[in-house]
Amino acid sequence: MAIISENISGVLLNVPDDLPAPKTRKAIQRAVASKLARQAAQGTFGDAVDRRRKLDGIIADEYGAILDNDPDADLPDARPRVTAAKAEVEDARRDLDVRINVEQRAAQKVRKAVAEELPLLARTALAEGDTALAMLSAVLEDAIAARDALWSSIGVGRMAARLAEEPGAPIAIQHKAYGYTFDLEAVIEGLHESLAKASAELTELRGDARLSTGKKTRKPRKAASEAHSPAQTAATPDPALGNLTIGEDDDD
């Protein structure tokens with residue numbers, strides 16, 4: 001997933017390029033294309049203006065060289081070249097004006113598409129947020145299991161090393177003070193806290209977001225116990241939202 005970050009004729013865009021809203025996605029693609037076309041036309045116009053500006057100096061230099069050799073020489077007619085340069089500027093200006101207008105209309109079409117698909121964007125965002133939260137919760141579960149396995153393996157390894165030197169030492173897991181566990185605990189605790197905050201944000205959004213029916217989306221189930229991990233309390237996607245396909249355009 002990439003982020004589209006554009007200012008298109010005053011409409012600011014900072015959205016994923018795979019928005020699950022076909023009309024909006026198409027409108028954004030066309031708006032970005034219209035901006036690129038306008039920028040190209042602006043470059044062409046600037047080049048034409050620059051050539052027209054330089055032409056007078058070029059003609060003056062040519063005339064000067066001729067008169068240096070022969071003060072009485074007849075000078076060639078430069079009007080066709082000047083007329084052609086002016087026409088090039090005017091053509092480029094007209095094309096630029098058209099491109100500006102197209103970009104402005106494309107930007108407004110983006111706003112219109114977003115307004116039409118706002119309910120779709122709201123409910124798919126919630127459903128995808130639930131999925132992402134569940135994925136991260138699974139990662140947290142795996143991290144906890146791996147931490148426990150690492151704790152045991154290193155502890156048993158240190159126990160074996162100590163018993164090799166001191167056969168009468170306690171047969172007990174050994175760990176070095178301030179060893180690996182410090183950093184792991186910080187990472188796991190940070191992920192746990194982040195998941196809790198993300199879950200709270202999704203709950204808040206679910207209470208505020210309104211679908212096309214005008215009803216609030218269903219709130220996620222509450223955790224059975226505060227002692228449960230985020231992997232156990234992660235919000236579950238609402239079956240009523242249906243399966244939404246991302247990345248496929250409607251033909252309408």
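Evaluation of L96 against the conditions (1) hydrophobic (A, V, I, L, M, F, W, C); (2) touching a helix residue (DSSP H, G or I) at 6+ places or on another chain (Cβ under 8 Å); (3) surrounded by fewer than 16 Cβ atoms within 10 Å (Cβ to Cβ); (4) under 23 Å from L13 (Cβ atoms) shows that the sole unmet condition is (3). Of all residue pairs spaced 6 or more apart or on separate chains, those with beta-carbon atoms under 8 Å, a first member in the stretch 162-179 that is within 21 Å of D148 (Cα to Cα) and a second member that is among the hydroxyl-bearing types (S, T, Y) and open to solvent by less than 70 Å² (accessible area, probe 1.4 Å) are I173/S152; H175/T181.
Here A106 fits the description: open to solvent by less than 30 Å² (accessible area, probe 1.4 Å) and of a type outside the set (D, E).
Scanning the stretch 67-79 for residues being part of a helix (DSSP H, G or I) and open to solvent by less than 80 Å² (accessible area, probe 1.4 Å) gives a total of 1. Is it the case that the stretch 133-151 has a residue that's among the polar types (S, T, N, Q), within 29 Å of D183 (Cβ to Cβ) and assigned to a helix (DSSP H, G or I)? Yes; the residues of the stretch 133-151 include at least one that is among the polar types (S, T, N, Q), within 29 Å of D183 (Cβ to Cβ) and assigned to a helix (DSSP H, G or I).
Just to be sure, is K54 assigned to a helix (DSSP H, G or I), open to solvent by 80 Å² or more (accessible area, probe 1.4 Å), on the phi < 0 side of the Ramachandran plot and in contact with a Lys or Arg (Cβ under 9 Å, 6 or more places away or on another chain)? Please lay out each step first, then the result.
Values: assigned to a helix (DSSP H, G or I): yes; open to solvent by 80 Å² or more (accessible area, probe 1.4 Å): yes; on the phi < 0 side of the Ramachandran plot: yes; in contact with a Lys or Arg (Cβ under 9 Å, 6 or more places away or on another chain): no.
Answer is no for this residue.
Every condition in (1) at pLDDT 90 or above; (2) of a type outside the set (A, V, I, L, M); (3) surrounded by fewer than 16 Cβ atoms within 10 Å (Cβ to Cβ) is met by S137 except one, and the failing one is (3).
Considering the conditions (1) exposed (fewer than 10 other Cβ atoms within 10 Å of the Cβ); (2) in a loop (DSSP other than H, G, I, E, B); (3) modelled with pLDDT of 50 or more, A164 is excluded by exactly one of them, (2).
Yes or no, residue by residue, for (1) exposed (fewer than 12 other Cβ atoms within 10 Å of the Cβ); (2) hydrophobic (A, V, I, L, M, F, W, C):
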residue	(1), (2)
A40	no, yes
A60	yes, yes
A65	yes, yes
N101	no, no
E116	no, no
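Answer with yes or no whether E165 is over 29 Å from P20 (Cβ atoms) and among the charged types (D, E, K, R).
yes
Residues to consider are I173, I188; find the one that is touching a Leu at 6+ places or on another chain (Cβ under 9 Å) and either surrounded by 10 or more Cβ atoms within 10 Å (Cβ to Cβ) or part of a helix (DSSP H, G or I) (or both).
Answer to the selection: I188.
Taken together, the criteria place V15 among residues that are touching a residue at least 12 places away in the same chain (Cβ under 8 Å), touching a strand residue (DSSP E or B) at 6+ places or on another chain (Cβ under 6 Å) and either in a helix (DSSP H, G or I) or open to solvent by less than 80 Å² (accessible area, probe 1.4 Å) (or both).
The values are calculated or read from the model by the stated rules, or taken from the named source; none is laboratory data. Bear in mind that the values here come from a model prediction, so they are computed numbers and not experimental data. Quick reminder, even Gly has a Cβ in these numbers, built from the backbone with ideal geometry, and neighbours come from all protein chains shown. Just so you know, the surface numbers come from the protein's heavy atoms only, side chains and all, with ligands and any DNA or RNA stripped out. Shrake-Rupley method; radii C 1.70, N 1.55, O 1.52, S 1.80 Å.
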